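Visitor: One structure follows; several queries about it will come next.
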Amino acid sequence: MSRAFTKEDDAGEDLPERPVPDGPNYVTPRGLEMLKETGRQLVERKRSAVPGEDLRPIERDLRYLEARIGGAIVVPPGSGDDVRFGARVSIEDATGARTTFQIVGADEARADPATLPWSSPLVQAMFGAKAGDVVNWEGGEAAARYKIISVEYPRS
């Protein structure tokens, strides 16, 4: 259609969809509840919108959440001594600096700085390792070595 037959106000109104990542959407029980709570908050925001408010961003985010919740694979709390999904892992680098994080799904990791997504290259390098193991990781511009100090599985 020629631009002559469209309203000028329509220009630039397309709101791109939030991309849904490929691959499985593993989540902890807590992560699934976080997704559902975010959805409830968005529904409430939509319900309480003022007349004329642009609801497209809310509707887009609701579509994203619907896809993520619909495709969620809940991984129950684990156990054992090797690094897997859901583990809280403490590591130490070559300088002796320690870091602790929990391995969770991508959406949960974006919401909590004390977590890393299961799909991150560092976590992938650690899968199957146990406390005391040293993991070599090529990340960014340099290689790094991490000693795994502890692996535990929180109950929630």
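Visitor: Give me the base-10 log of I(q)/I(0) for region 43-98 at each q in 0.21, 0.22, 0.27 Å⁻¹, Debye formula, one uniform scatterer per Cα, rounded to two decimals.
Guide: The computed values of log10 I(q)/I(0) come out as -0.86, -0.90, -1.07.
Visitor: Round to the nearest 10 and give me the degree value, 0 to 90, for the angle of helix 56-70's Cα axis relative to the longest principal axis of the chain.
Guide: 40
Visitor: Another question, then. Note down the magnitude of the dipole of region 3-156 about its Cα centre, charges +1 on Lys and Arg C-beta and -1 on Asp and Glu C-beta and zero elsewhere, to the nearest 20 debye. Write down the numbers at each step before the final one.
Guide: Values: 21 positive and 26 negative charges, 99 e Å.
It works out to roughly 480 debye.
Visitor: Going by amide H atoms built from the backbone, whose H comes under 5 Å of the H on THR115, apart from near neighbours?
Guide: Those lying under 5 Å, H to H, from THR115 are GLN102.
Visitor: List the residues whose amide H sits under 5 Å from the amide H of TYR26, counting only those 5 or more places along or on another chain, with H placed 1.01 Å from N in the peptide plane.
Guide: Answer set, sorted by chain and number: ILE73.
Visitor: Quick check on region 21-74: what are the equivalent-ellipsoid semi-axes from the Cα gyration tensor, as sqrt(5λ), descending, whole Å?
Guide: They are 25, 12, 5 Å, listed from largest to smallest.
Visitor: Right, here's the next one. Rounded to the nearest 10 degrees, what's the angle between the helix 29-47 long axis and the longest principal axis of the chain, both from Cα atoms, 0 to 90?
Guide: 20
Visitor: Relative contact order for region 88-152: what is it in percent, counting Cα pairs under 8 Å that are at least 6 residues apart?
Guide: Dividing the mean separation by the residue count of region 88-152 yields 35 percent.
Visitor: Now a separate question. For region 120-131, take each phi angle, set θ = phi - 60°, evaluate the Karplus expression 6.51 cos²θ - 1.76 cosθ + 1.60, and give the result in whole Hz per residue in order, putting x for glycine and proline.
Guide: Karplus-based 3J(HN,Hα) across region 120-131 equals 5, x, 4, 5, 4, 5, 8, 3, x, 6, 10, 3 Hz.
Visitor: Related question: Ranking GLU138, GLU66, GLU108 by Cβ neighbours within 10 Å, fewest first, what do you get?
Guide: On the way: GLU138 10, GLU66 13, GLU108 22.
Least crowded to most crowded, the residues run GLU138, GLU66, GLU108.
Visitor: Sticking with this structure for a sec: Which residue, VAL89, VAL74, VAL50, has the most motion in a Gaussian network model of the chain that connects Cα atoms within less than 10 Å?
Guide: The residue with the greatest mean-square fluctuation here is VAL50.
Visitor: Just the ratio, please: alpha-carbon radius of gyration of the chain over 2.2 N^0.38 Å, N its number of residues.
Guide: Normalised Cα radius of gyration, the chain: 1.39.
Visitor: Output the relative contact order of region 21-74, whole-number percent, from Cα pairs under 8 angstrom with separation of 6+ residues.
Guide: Reported as a whole number, the value is 64 percent.
Visitor: Based solely on its DSSP helices, what 222 nm [θ] is calculated for the chain when runs of n ≥ 4 H residues each add -39,500 (n - 2.57) and the sum is averaged over all residues, nearest 500 deg cm²/dmol?
Guide: Value at 222 nm, helices only: -9000 deg cm²/dmol.
Visitor: While we're looking at this one, here's another question. Could you give the nm distance between label points at SER150 and ALA67, where each point is 7 Å from its Cα heading toward the beta carbon?
Guide: 3.9
Visitor: Using alpha carbon centroids, what distance separates region 85-156 and region 63-79, in Å?
Guide: Measuring centre to centre over Cα atoms gives 21 Å.
Visitor: Same structure again: Residues of region 37-53 with backbone nitrogen within less than 19 Å of a virtual label 7 Å along the Cα-to-Cβ line of GLU17, please, listed as ranges.
Guide: Output list for this probe position: 39.
Values quoted throughout were computed directly from the atomic coordinates according to the rules given, and no laboratory measurement underlies them. Please read these numbers as outputs of a predicted model, since none were measured by experiment. No Cβ is skipped: glycine too gets one built from the backbone with ideal geometry, and neighbour counts run over all protein chains shown.
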